[in-house]
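The structure under discussion appears below in the form of structure tokens.
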Amino acid sequence: MKTVIMIAFALLSLMQVKGQTLEFKNSQKILLEGQKKSKEQVFKIMENNPEALQLYKQGKSLRTWGDVTFFGGIGIALGGILLNQCTTIGDKEKKINGGWYGYSGYTYTEKDNTLSIVSAAIGGGLLIATIPLKISGKKKIKQSIEKYNNGLQSVSDSQFRKSSANYNWAVINNNKGLGVKLTF
């Protein structure tokens, strides 16, 4: 009878622990029980695990800087090219003397593409800088979710471990799922 009560208690504890594990789909999609959680909700969930929360914040910060460099690079490149094509900044006017048969000559404008080249180079550099920022941000977010879920496992082991003279049992929570460990 005592064993049946202990098993029933263990199954009730499983219901409490199961809902706390987070699932990483991508850096914008963190799931809890199949539902997407916002950044603020993830902060609230992870507040009891400061290491995981710090990693998550660092990852989100890196992803944000990646977005800034991406859109900034596109803006600078396109803005410089458009500005160069729509204005006469830096253009040089050249005159050709005709001299023969009464022609006085004519002038033409030579387009200076320095602004386009410089803005495209700066924009391209920012776009290249986006790649490591986004990758390392995603990696840190994934590590934070793993650290949080591993923290749940150690809490559940210590919190729900019961012992008796005849047997030991523990609730185990890891990346493969939840379970009850009975040792007789």
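Any read-out appearing in this document is the output of simple, stated calculations on the displayed coordinates, not a laboratory observation. The shown structure was predicted, so the numbers you read here are calculated from the model rather than taken from an experiment. Methodologically, a virtual Cβ is constructed for each residue, glycine included, from the backbone with ideal geometry; neighbour enumeration extends over all protein chains shown.
Taking a Cβ cut-off of under 13 Å around Glu51, the surrounding Lys, Arg, Asp and Glu residues balance to a net charge of +1, with basic ones at +1 and acidic ones at -1. Once the C-beta distance of Phe43 and Leu82 is scaled by a Förster radius of 30 Å, the resulting FRET efficiency is 0.15 to the nearest 0.05. The residues neighbouring Pro132, those whose beta-carbon lies less than 15 Å from its own, together hold a net charge of +4 under the Lys/Arg +1, Asp/Glu -1 convention. Highest mean first, the peptides 139-152, 82-95, 40-53 sorted by other C-beta atoms within 10 Å per residue fall in the order 139-152, 40-53, 82-95. Between the beta carbons of Lys139 and Asp91, assuming R0 = 45 Å, the FRET efficiency works out to 0.40 to the nearest 0.05. For the stretch 59-99, report the % of Cα-Cα distances exceeding 15 Å. That tail contains 64 percent of the Cα-Cα pairs.
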